[in-house]
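Below is one structure; the comments refer to it alone.
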Amino acid sequence: MTGKFITIEGSEGVGKSSNIAFIESYLRDVGKEVLLSREPGGTRLGEAIRTLLLDTDNRGMCSDTELLLIFAARAQHLDEVIRPALAAGKWVICDRFTDATYAYQGGGRGIPESRIAILEQWVQNDLQPDLTLLLDMPVAAGLARARKRSRPDRFEQEKQVFFERVRKAYLRRAKEYGARFRVVNAEPALARVEAQIRDILDAILDS
Ligand code: TMP
């Protein structure tokens, strides 16, 4: 018995939190055992690494340190949480995963994909999400929403061009890995976004 691994991706302010809550309750309502987690984070160690990554005092962190910390957190998350949950038949919903690394550290920071792929292979072996929902909307609109919320973290402090590269990298991956990616237009009102997500979930529940 194995569960399904669903990841939710998108640039800043695309509404991941509300939509993840919707996905969780939709799957629970049809009787699935759901485990909700996030990256970077999801374990005690991973959350400590997350704090380092988001802390604006760590402005001097070089891109390779950032990349390695993200994969260190991911290795722990896979070992302690994701693999055991999938093996127990749970549906794991993860707020961001390795596509975020290709988008932020690859697209945003400019680290070559080939270097990210080495670490991906190292910590994941062949594990990939069964479904990746990419919540997509124009960068400026997302940033306006995100910046209203709270004091910006180390990533949110980046300029709009950074997030334009992030979005482009996400969309490129969605095209390249079309079998597991679904792009959701996150711009309309929540109910219309949820309707798109419901259709996608119904398809995977029927498969
Ligand atoms: P969050 O805003 O979704 O909570 O994620 C925290 C930040 O971490 C977000 O700005 C994106 C960033 N991030 C990366 O840069 N690379 C990654 O691989 C992951 C998982 C997140």
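Which of the GluC sites (Glu not before Pro) across region 1-66 are loop residues per DSSP, with 14 or fewer other Cβ within 10 Å? Please list the in-between numbers first.
Numbers: sites: Glu9, Glu12, Glu24, Glu33, Glu47, Glu66; in loops: Glu12, Glu33.
Here the sparse-neighbourhood loop sites are Glu33.
Mind listing the phi-derived Karplus ³J(HN,Hα) values for region 96-107, rounded to whole Hz, using 6.51, -1.76 and 1.60 with θ = phi - 60°, and x for any glycine or proline?
Result, ordered by residue: 6, 7, 5, 4, 5, 5, 5, 6, 7, 7, x, x Hz.
Distance in nm between label sites at Asn125 and Ser25, each 7 Å beyond Cα in the beta-carbon direction?
Each label point lies 7 Å from its Cα, and together they span 3.8 nm.
For Leu68 and Ala191, what is the calculated FRET efficiency with R₀ set at 35 Å and r taken between the beta-carbons, to the nearest 0.05? Mind dumping the intermediate values first?
Details: r = 41 Å, r/R0 = 1.17.
E(calc), rounded to 0.05, equals 0.30.
Assuming a ≥ b ≥ c are the square roots of the Cα gyration tensor eigenvalues, decide whether region 97-207 counts as rounded (a/c under 1.5), prolate (otherwise, with a/b larger than b/c) or oblate.
Working: a/c = 2.10, a/b = 1.01, b/c = 2.07.
In terms of gyration-tensor shape, oblate.
What is the Å³ per residue value for the convex hull set by the Cα atoms of the chain?
Values: hull volume 24.2 nm³, N = 207.
For the chain, the hull spanned by Cα atoms encloses 117 Å³ per residue.
Quote to one decimal, in nm, the extra length available between Ser207 and Glu80 on full extension: 0.36 nm per residue of separation minus the C-alpha distance between them. Before the final figure, lay out each step's value.
Numbers: separation 127, 0.36 × 127 = 45.72 nm, distance 2.80 nm.
Difference between extended and current length: 42.9 nm.
Among the trypsin sites (Lys or Arg not before Pro) in region 86-177, which ones are in a DSSP loop with at most 14 other Cβ atoms within 10 Å of the Cβ? Mind listing them? Display every interim value, and only then the final one.
Numbers: sites: Lys90, Arg96, Arg109, Arg115, Arg145, Arg147, Lys148, Arg149, Arg154, Lys159, Arg165, Arg167, Lys168, Arg172, Arg173, Lys175; in loops: Lys90, Arg96, Arg109, Arg154, Lys159.
Sites meeting the loop and neighbour criteria: Lys159.
At 20 Å minimum axial length over the Cα atoms and a Kyte-Doolittle cut of -0.5, report the qualifying DSSP H helices in the chain, or say none. If you can, show how the numbers build up before the last one.
Working: long enough: 63-77 (21 Å, 0.29); 160-176 (24 Å, -0.95); 190-206 (24 Å, 0.47).
Once both thresholds are applied, what remains is 63-77, 190-206.
For a Förster distance of 45 Å, can you work out the FRET efficiency between the beta-carbons of Asp57 and Ala87, rounded to the nearest 0.05? Walk me through the numbers before you get to the answer.
Working: r = 39 Å, r/R0 = 0.86.
After rounding, the FRET efficiency stands at 0.70.
Express in whole angstrom the spacing between the alpha-carbon centres of region 1-76 and region 148-207.
14 Å
We did not get these values from a lab; they are worked out from the coordinates using the rules stated. Note that this is a predicted model, so its numbers are computed, not measured. Heads up, the Cβs are rebuilt from the backbone with ideal geometry, glycines too, and the neighbour counts pull from every protein chain shown.
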